[in-house]
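The values are calculated or read from the model by the stated rules, or taken from the named source; none is laboratory data. All values reported here derive from a predicted model rather than from experimental measurement. Here Cβ is always computed from backbone atoms with ideal geometry, including for glycine, and neighbour counts include all displayed protein chains.
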Amino acid sequence: MADAAPSDPIIQLEQDHRMALSLVGTVRRETGDVRRDALRQLVKELSVHAAVEEIAVYPAIRRAFSTGDEWVDADLADHQAMKEILVRLDGADPDDPNVTTDVEALGTAVEAHVTEEEVQLTELRGRLSPQLFTEIAEAAEKARATAPTRPHPNAPSGGVGATVAGGAASLVDKARDALRRD
């Protein structure tokens, strides 16, 4: 039996963007358990999404464009700023006024990042050979399966270091997620 073709990583990333924006909206307008659950899901979704981009997509952008290093470095700076906010939000009391401030800052950052990145992803799609597209898709699926579910702003954000640190962090995060009771 042949393996199924990997899913389209660009569509998956765009769906991640829609999910993150929706979760930011939910956290902004809801209270109580709904807000807490959306906040937790937002931390998880953005943590996984960042890992997938850093491990599977950003190396391709660096190779595909003469300005790829500049794009990726700017995107990594965005990720770093968001991870620092996510660390504060992870496990925070959703009723804490600082959470509202951090969610507003995160929402603004996510909106700007999505706008810029979706242009990059569209341009990337146009430059990928079928073989490279498949390689990115496979790498993205592997990264998604092993990505940390919490932010790790001090971990490497690219290359082998990100893969190794992300895998170790993922094990710890998933254990913490399983033990979390609220």
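Residue check: is residue 124 touching a Leu at 6+ places or on another chain (Cβ under 9 Å) and buried (at least 20 other Cβ atoms within 10 Å of the Cβ)? Write out each step before concluding.
Values: touching a Leu at 6+ places or on another chain (Cβ under 9 Å): no; buried (at least 20 other Cβ atoms within 10 Å of the Cβ): yes.
For residue 124, the condition - touching a Leu at 6+ places or on another chain (Cβ under 9 Å) and buried (at least 20 other Cβ atoms within 10 Å of the Cβ) - is not met.
On the given criteria, is residue 109 out of contact with any strand residue (DSSP E or B) (no Cβ under 9 Å at 6 or more places or on another chain) and over 30 Å from residue 33 (Cβ atoms)? It is false that residue 109 is out of contact with any strand residue (DSSP E or B) (no Cβ under 9 Å at 6 or more places or on another chain) and over 30 Å from residue 33 (Cβ atoms). The one condition from (1) surrounded by fewer than 21 Cβ atoms within 10 Å (Cβ to Cβ); (2) in a helix (DSSP H, G or I) that residue 91 does not meet is (2). Being modelled with pLDDT under 90, part of a helix (DSSP H, G or I) and not aromatic (Phe, Trp, Tyr): is that true of residue 155 here? It is false that residue 155 is modelled with pLDDT under 90, part of a helix (DSSP H, G or I) and not aromatic (Phe, Trp, Tyr). Of the helices (runs of 4 or more DSSP H) lying entirely inside the stretch 1-88, the ones with 1 or more residues being in contact (Cβ under 8 Å) with a residue 12 or more places away in the chain and more than 21 Å from residue 115 (Cα to Cα) are found at 32-52. Only one of the numbered conditions (1) more than 13 Å from the chain's Cα centre (by Cα); (2) of a type outside the set (Phe, Trp, Tyr); (3) modelled with pLDDT under 95; (4) closer than 26 Å to residue 127 by Cβ is violated by residue 95, and that is (4). When residue 149 is tested against (1) closer than 15 Å to residue 54 by Cα; (2) polar (S, T, N, Q); (3) exposed (fewer than 14 other Cβ atoms within 10 Å of the Cβ); (4) at pLDDT 90 or above, exactly one condition is not met: (3).
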